Amino acid sequence: MPRSGARRRRRLASLPGLPFHPLPALPPLPPVPHPATPDTRSRPFHPTPLRRGIEFEFERDLQELVEEFGAEAREILARHAKHKKEMLDIMALMEAEFNEQEGEARQQFDSDREEIKGKNSEEYNVLRFTLEGLIEELERHFDSAHANYMATTEQRTQDFKHLTIKDQQSAKTIEMQMRKLQRLQDSLAHWKTKLASNGRECDERNRALREEKDAISRHFQELKSRMNKFRESEGRRLQELVINAQSALKALQAKLEKAERILRLAELARKLRPSPSPSLAPALALALALALTQP
């Protein structure tokens, strides 16, 4: 199996069009040590002839595999170096060819530019001479036409000058009117802004006054309600006072009548007893008090 794998890798590496990646040279693998099988009874290990044969064959196969891998790596590195050299040679040839083509193209461009510059210079000179002759001829025609025009349109020229002066004056008047209109527009914009500001201030003031009015109205309603309650309570008190006054008047009238009756009785008693003894005074006072207390 290891040898067939190495041959397969060689065939894959020899196929055209596959990329070559250089691999670093690997050092040879160290020999595999023989692990000792641990013995729980601590007895000495004695390898059998079959085990020694298997280990020997394994070491031989391992050594062959390492040698094949090293040879394959050296072959890949050599092939990579060869291809790299070929690519560098191709790039150098292409660069030289490109430089040669660039030089040829530059020489062709310079020659074409000089040729086009010469043609353009010749065409420019021919066109300049042609245009100068045409301009001179047009100037002569223009002078002749101007002379004929001035000879035939002298009155129109005067009218034109007069209209030109009038147009200048009209232009100044229009400019003054435009400035006045601009000032009026600025003033209108200012007053519009001031009106808007005053409107906002008035709105704020009206809103504040409305709120103050609402507060005063609520306060008035509260005071009115309190006054109505106070009037009702005072009316009730006045009614009670009137009733009590009437009762007091009736009581006083009754007492007045009693007092008058007592006074009449006392007067009658005084007339009937012209010389009362001083010992009867307390008795008379007690009788008067009893008469006053009785209804």
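Rule-based calculations on the coordinates, nothing more; no lab input. Here the structure is a predicted model, which means the values were calculated and not measured. Ideal geometry is used to build each Cβ from the backbone, glycine not excepted, and the neighbour counts take in all protein chains shown.
Here segment 126-160 and segment 85-100 have alpha carbon centers that stand 71 Å from each other. Each Lys and Arg Cβ is given +1 and each Asp and Glu Cβ -1; about its Cα centre, segment 134-256 then shows a dipole of about 1940 debye.
Tell me whether segment 195-253 comes out rounded, prolate or oblate; compute the Cα gyration tensor, take square roots of the eigenvalues as a ≥ b ≥ c, and use a/c under 1.5 as the rounded threshold. Judged from the Cα gyration tensor, segment 195-253 comes out prolate (a/c at least 1.5, a/b above b/c). A dipole drawn for segment 174-260 from +1 and -1 charges on Cβ atoms has a positive end, and of Leu195, Ser247, Ala215 the residue lying farthest that way is Leu195. With the Cα gyration tensor of segment 48-138 giving a ≥ b ≥ c as the square roots of its eigenvalues, does the rule (a/c under 1.5 for rounded; else a/b larger than b/c for prolate; else oblate) give rounded, prolate or oblate? Prolate is the answer for segment 48-138, as a/c is 1.5 or above and a/b outweighs b/c. What does a probe at His190 reach in segment 163-182, counting residues whose amide N is under 19 Å from the point 7 Å along Cα→Cβ? Backbone N within reach: 177-182. What is segment 118-229 by shape, rounded, prolate or oblate, if you read a ≥ b ≥ c off the alpha carbon gyration tensor as root eigenvalues and call it rounded for a/c under 1.5, prolate for a/b larger than b/c, and oblate otherwise? Taking the square roots of the gyration eigenvalues as a ≥ b ≥ c, segment 118-229 is oblate.
Could you work out how much longer the chain between Ile174 and Leu138 gets when fully extended? Use 0.36 nm per residue separation minus the Cα distance between them, nm to one decimal.
9.0 nm
Expected output is a single nm value to one decimal: the length gained when fully extending between Arg226 and Arg113, i.e. 0.36 nm times separation in residues minus the C-alpha distance. What is it?
Values: separation 113, 0.36 × 113 = 40.68 nm, distance 11.22 nm.
Answer, rounded to one decimal: 29.5 nm.
In this calculation the C-beta distance from Ala269 to Ile243 is compared with R0 = 35 Å, giving a FRET efficiency of 0.35. A simple charge model with +1 on the Cβ of Lys and Arg, -1 on the Cβ of Asp and Glu and nothing else charged puts the dipole of segment 76-184 at about 1240 debye relative to its Cα centre.
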